[in-house]
Amino acid sequence: MSPSDTNTNSAKPKGYWGKRLALMLAFIAFAPLLAPQFLLFPYAKRFGDTIVYSESEITPAFAKALAQSDKLLRASAIYGDDYDHVIVLTNGGWRWKWLAFGASGAFALNRPLTTNMVFNRTDIAAGKIYNGKAMGGERSLVSVIAHERTHALIRQHFGFIQSALFPGWKVEGYADYIAQESSLSADDVTKLKASGQDHPALIYYQGRQDVARLLAKNGGSVDKLFASG
Ligand SMILES: [Zn+2]
């Protein structure tokens, strides 16, 4: 038997294949977070600089929502075209749970260092996104796209590290200010306050109001808004 016939498997140190398998599984689990298209979305479409992957058919209603959202975004004083360009629409099922990775109660999420935004249960025809909550569980598709893209505008304008240090109420408040929509209605907030209940969207609601007040006072300067404590 020549040396080349040696079974190479037996030459590997103990645990080699186990480690390789673990690495492979980790890659399979995490790769879609960076490149959601690995999850084989049945529909994909390009709209200008935006690529959409979707679990349901991408009808012309989506193009309309995207255009409306773009209009909202362009109203931002820190507008630039370096926003998130990949939109991933799910039905709130396994693909969402995989991609949301522990944040499945959200309407959508954007992944810093990628240009991906992933959306929870989306109804393109109705123009709505649902997060499954009884209160504050529904938002317009237009506003959620604008909200998520505003996060990218903030990161782009102030830098990745600086924007990560801004208080949550200000960042979320500004994103909803640009989106011109809150998850909670004024009625919802009255009910929550009367019963002393907390809600994860309260900080967004209050933040949007505070941001609007501060911008009105400082002449609409986003730099001054984020510079103040
Ligand atoms: Zn947000």
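Laboratory data are not the source of any read-out in this text; all were calculated from the coordinates shown. It should be emphasised that the depicted structure is a prediction, and the values quoted were computed from it without experimental measurement. Note that we place each Cβ from the backbone using ideal geometry, even for glycine, and neighbour counts take in every protein chain shown.
Highest GNM mean-square fluctuation among Ala65, Ala201, Ala29, for the chain modelled with Cα contacts below 10 Å: Ala29.
Estimate the FRET efficiency between Asn91 and Gln180 by the formula 1/(1 + (r/R0)^6), using the beta-carbon distance for r and 25 Å for R0, to the nearest 0.05.
0.45
Taken as Cα centroids, the stretch 118-150 and the stretch 202-229 sit 23 Å apart, rounded to the nearest whole angstrom.
Counting only alpha carbon atoms, the long axis of helix 202-217 and the longest principal axis of the chain meet at about 50°.
Among the listed pairs Lys133/Lys217; Lys170/Lys193; Lys64/Lys97; Lys133/Lys224, which are separated by more than 29 Å between their Cα atoms?
Over 29 Å apart, Cα to Cα: Lys133/Lys217; Lys133/Lys224.
Taking 0.36 nm per intervening residue step and subtracting the Cα-Cα distance, what contour gain separates Asn218 from Ala26 on full extension? Mind dumping the intermediate values first?
Working: separation 192, 0.36 × 192 = 69.12 nm, distance 4.81 nm.
Value of the extension gain: 64.3 nm.
Which residues does a label at Met135 reach in the stretch 155-198, if reach means a backbone N under 18 Å from a point 7 Å past the Cα toward the Cβ? Output list for this probe position: 182-198. Comparing mean-square fluctuations of Gly92, Gly15, Gly80 from a GNM of the chain with C-alpha springs under 10 Å, the top value falls on Gly15. Spin-label model, Lys14 to Ala61: label points 7 Å out along the Cα-to-beta-carbon direction sit 6.1 nm apart.
The mean of 1/r over all pairs of different alpha-carbon atoms in the chain, once inverted, gives a Kirkwood hydrodynamic radius of 19.5 Å.
What do you get for the angle between helix 60-74 and the principal long axis of the chain? Use alpha-carbon atoms, 0 to 90 degrees, nearest ten. Roughly 60 degrees, rounded to the nearest 10.
Its Cα centre serving as origin, the chain has a Cβ charge dipole (Lys and Arg +1, Asp and Glu -1) of approximately 400 debye.
Applying 1/(1 + (r/R0)^6) with R0 = 30 Å to the Cβ-Cβ distance of Ala227 and Asp49, what FRET efficiency is obtained, to the nearest 0.05? The partial results should precede the final answer.
On the way: r = 30 Å, r/R0 = 1.01.
Result of the calculation: an efficiency of 0.50.
Treating the angle as unsigned and between 0 and 90°, give the value, to the nearest 10°, between the Cα long axis of helix 141-158 and the longest Cα principal axis of the chain. Here the helix axis deviates by roughly 80 degrees.
DSSP finds beta bridges in the stretch 32-227, and of those with both partners inside it, around 60 percent are antiparallel.
In the chain, excluding the sites themselves, the longest stretch lacking any of the trypsin sites (Lys or Arg not before Pro) that are in a DSSP loop with at most 16 other Cβ atoms within 10 Å is 15-132.
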